[in-house]
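This report refers to the structure that appears directly beneath it.
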Amino acid sequence: MRRRVAENLTAYGFLSAALLCFAVFSWYPIVRGVVLGFQQVDFVAAPTWVGWENFERLFADPLFAVAWRNTLLFTVLALVFGFAVPFLLAVVLNELRHFKAYFRLVVYLPVMLPPVVAALVWKWLYDPGPGLLNTALRGLGLDGPGWLDDTSTSMLSLVLVATWANLGTATLVYLAALQSIPGELYEAAELDGAGVLRRLWHVTVPQTRFVLLVLLLLQVVATMQVFTEPYVMTGGGPQDSTVTVLLLLYRYAFYYNDFGTASALSLLLLLVLGAFTALYLRVTRRADA
């Protein structure tokens, strides 16, 4: 018994540094953020308890509904492009017989760029004047769209940038999952007369189902927290068409110096993502049962 207690004390001693870091830099900020959501805070005067006033101020703000609508639109578009494209690209890479390592590197290169740098590069590409995209279109005798200056294309333009910037990680994860599928399954399906699409649907998708579900959850959580692209490339414009929840949160905190309302908005986002995650896990567990 003494030996077991001593071993446990030694283990907890080694864990204490990590637990202290989590407590100071993760758990305490979460608890502090929840408390700030019910206070009037500007970090100049002493905080005062205001109860639900911060949430009432949020619900009365016309940009609150706009930000949630834009965030949901970004999430849906990001799932259409950012979920399907990496999977199909991984399938193509998995079928290559030559230069596979080179193409993996090419696909992963955008991930190595700092997000702000990538956003600035694409902002120049989208520029309706000297931008590369519209210059190329004018060379073909076509008029390019406003990209970031048009409310009908601004959100889609941001989604394409986010998809390009994060394509590499998802593609390599899918590729690792594909390479773990036994080749005998494809051979059996081919002997049964299954074509490429049927092998993809009846062999590849079921065998990678767990990875697909995990990345779907992670992508929804990540895209609901989009900030860099709208902040750097559009600032929320044109006409608030790219204002997202985190961008609105940033405005409350650093434009209006209202950290209490910003914390209330972050708490709402936490609740929404937590509820979605719980529902998602429950549905997938039922499907597995």
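The values are calculated or read from the model by the stated rules, or taken from the named source; none is laboratory data. These numbers come from a predicted model, not from an experiment. Note that each Cβ is placed from the backbone with ideal geometry, even for glycine, and that neighbours are counted across all protein chains shown. The area values use the complete protein model at the heavy-atom level, side chains included, leaving out ligands, DNA and RNA. Shrake-Rupley method; radii C 1.70, N 1.55, O 1.52, S 1.80 Å.
Run the numbers on the range 70-208 and let me know its relative contact order in percent, using alpha-carbon pairs under 8 Å that are six or more apart. This gives 32 percent for the range 70-208. Here Phe22 and Gln239 are evaluated by their C-beta separation; at R0 = 35 Å the FRET efficiency comes out at 0.25. Once the Cα-Cα distance is subtracted from the 0.36 nm per residue extended length, the Asp149 to Phe43 segment shows a gain of 34.5 nm.
The convex hull of the Cα atoms of the range 62-287, projected and averaged over all directions, covers 15.9 nm². Solvent exposure of the range 187-267, expressed per residue, is 49 Å² of accessible area, with all protein chains present and a 1.4 angstrom probe. Counting 0.36 nm for each residue step from Leu88 to Leu63 and taking away their Cα separation leaves a gain of 5.3 nm. A cut-off under 13 angstrom between Cβ atoms defines the neighbours of Pro145, and their net charge, with Lys, Arg +1 and Asp, Glu -1, is -3.
Only Cα pairs under 8 Å and 6+ residues apart enter the sum, and on that basis the relative contact order of the chain stands at 28 percent. In loop segments of the range 53-105 as defined by DSSP, the trypsin sites (Lys or Arg not before Pro) with at most 13 further C-beta atoms inside 10 Å of their C-beta are Arg97.
Surface calculation, 1.4 Å probe, protein heavy atoms: Tyr250 sits at approximately 50 Å² accessible.
Using heavy atoms of the protein chains and a probe of 1.4 Å, the accessible area assigned to Trp124 is about 130 Å².
If the chain linking Leu281 and Leu213 were pulled fully straight, counting 0.36 nm for each residue of separation and taking away their Cα-Cα distance, it would gain 23.5 nm.
From most to least packed by mean Cβ count within 10 Å, the peptides 153-163, 112-122 give 153-163, 112-122. Short-range pairs are left out: with C-alpha atoms under 8 Å and at least six residues apart, the relative contact order of the range 177-267 is 16 percent. Think of it as helices only: each DSSP H run of n ≥ 4 in the chain is worth -39500 (n - 2.57), and spread over all residues that comes to -21500 deg cm²/dmol at 222 nm. Rg ratio for the range 1-124: its Cα radius of gyration over 2.2 N^0.38 Å, N being its residue count, equals 1.79. The modelled label-to-label distance for the pair Phe81/Glu187, using points 7 Å beyond Cα in the direction of Cβ, is 4.1 nm. If you take the Cα centroid of the range 221-287 and the Cα centroid of the range 1-50, the two points sit 24 Å apart.
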